Amino acid sequence: MRHVVSLFDLSTAEIEAIFAITHDLKAKHAAGLRESILPGRVVALLFEKPSLRTRVSFEAGISHLGGNSLFLGTEVGFNARESLADFGRVISQYVDAIVVRAYRHDTVVELAKHCTCAVINGLTDYTHPCQGLADLYTLRELLGKFPGHRVAYVGDANNVARSLAIGCARLDLPLSVATPKGYGYDEPFLARLRSEVPNAKLTLTEDPAEAVRGASAVYTDVWTSMGQEAESQRRLKDFAGFQIDAKLMALASPDAYFLHCLPAHRGEEVAADVIDGPQSVVVEQAGNRMHVQKGVLTWLLGRE
Ligand code: CP
Ligand code: NVA
């Protein structure tokens, strides 16, 4: 059984296979067709943190595919009442897949070790692979083929930025990342990325203008992620000058797109006139979460 704990778990060919399924399912969904590809399949949703997009897009997508989802929240005692090993071995007998959103990445890694059903990471402090897949799928839809394009990410090199970097590397899309000093990617992550994708075209800078200049798409995420609330005042100061505003956006390609995983904080990482302006594709990007996750579930479970 395969797991998707991070995008390192998927090869380029596997991501392309998921995108092909996604393309087909998205077209069918637009035409009003709901193919019952996963009848009788059950997916548990274990969430330690709040969620709109991940939770609802998985629940809706599973319904479209004829399967069932069980939203378990934390009331089943996940990561509290018994060992992750016991939890994983038991729940694997009941369900076909688990989507898990956890504070600590290690929780998902440990759970996956003991599960004989598929484990899909629905966000941890370290990565957000479903978001990364939706981001790359959205960019593929908007840009077509990637040669000649480059994405800029400005902000915190967080879970979303890690998944974006792996996705861009796997699909050979150059990425420029601008972070304040002390908020860049951790060295172990960069070492793994270089080792898994030696030809990754990743540029790192502390200058947002340098990253954004000439980019085909500009991406940002919140400065304070879930679980980091105690640092929010310090982060507000440290990220000053890293807001995507109209002036910064003007340095990108004239037809550049603005992306954000949402939820967003207008006036912090992005100015309202950018996220609500004509270059913003954040709503379509969020919509693609559902289509891509249907692709992932069909790829993981539809062949059994
Ligand atoms: N982008 C994203 O994962 O949103 P939620 O936190 O609402 O799931
Ligand atoms: N980096 C954000 C993403 C939310 C979808 C967080 O972890 O809170």
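The values are calculated or read from the model by the stated rules, or taken from the named source; none is laboratory data. Not measured: the values here are computed from a predicted model. For neighbour counting, all protein chains shown are included, and Cβ atoms are generated from backbone atoms with ideal geometry for every residue, glycine included. For the accessible areas, the whole protein counts, side chains as well, though only heavy atoms, and no ligand, DNA or RNA atoms are used. Shrake-Rupley method; radii C 1.70, N 1.55, O 1.52, S 1.80 Å.
Using just its DSSP H runs of length 4 or more, each adding -39500 (n - 2.57), the chain gives a mean residue ellipticity at 222 nm of -12500 deg cm²/dmol after division by all residues. Protein heavy-atom accessible surface, 1.4 Å probe, per residue over the chain: 41 Å².
The simple spin-label model puts a point 7 Å past each Cα toward its Cβ; for residue 89 and residue 284 those points are separated by 4.9 nm.
Evaluated over the chain, the count of Lys pairs having alpha-carbon atoms less than 27 Å apart is 15 (only pairs 8 or more residues apart or interchain). Farthest towards the positive end of the charge dipole of the chain, among the residues 5, 272, 144, is the Cα of 144, using unit charges on the Cβ of Lys, Arg, Asp and Glu.
So if I take the centroid of the Cα atoms in the range 235-265 and the same for the range 127-144, what is the distance between those two points in Å? First find each Cα centre; the distance between them is then 18 Å. Dividing the Cα radius of gyration of the range 192-240 by its Kirkwood radius returns 1.07 for Rg/Rh. Of the peptides 184-197, 40-53, the order by per-residue mean of other Cβ atoms within 10 Å, starting with the highest, comes out as 40-53, 184-197. Could you tell me the center-to-center distance, by alpha carbons, between the range 165-209 and the range 24-88 in angstrom? The two parts, judged by their Cα centres, are 31 Å apart. Divided by 2.2 N^0.38 Å, where N counts the residues, the Cα radius of gyration of the range 80-139 comes to 1.20. Taking only the C-alpha atoms of the chain, Rg followed by Dmax gives 18.8, 54 Å.
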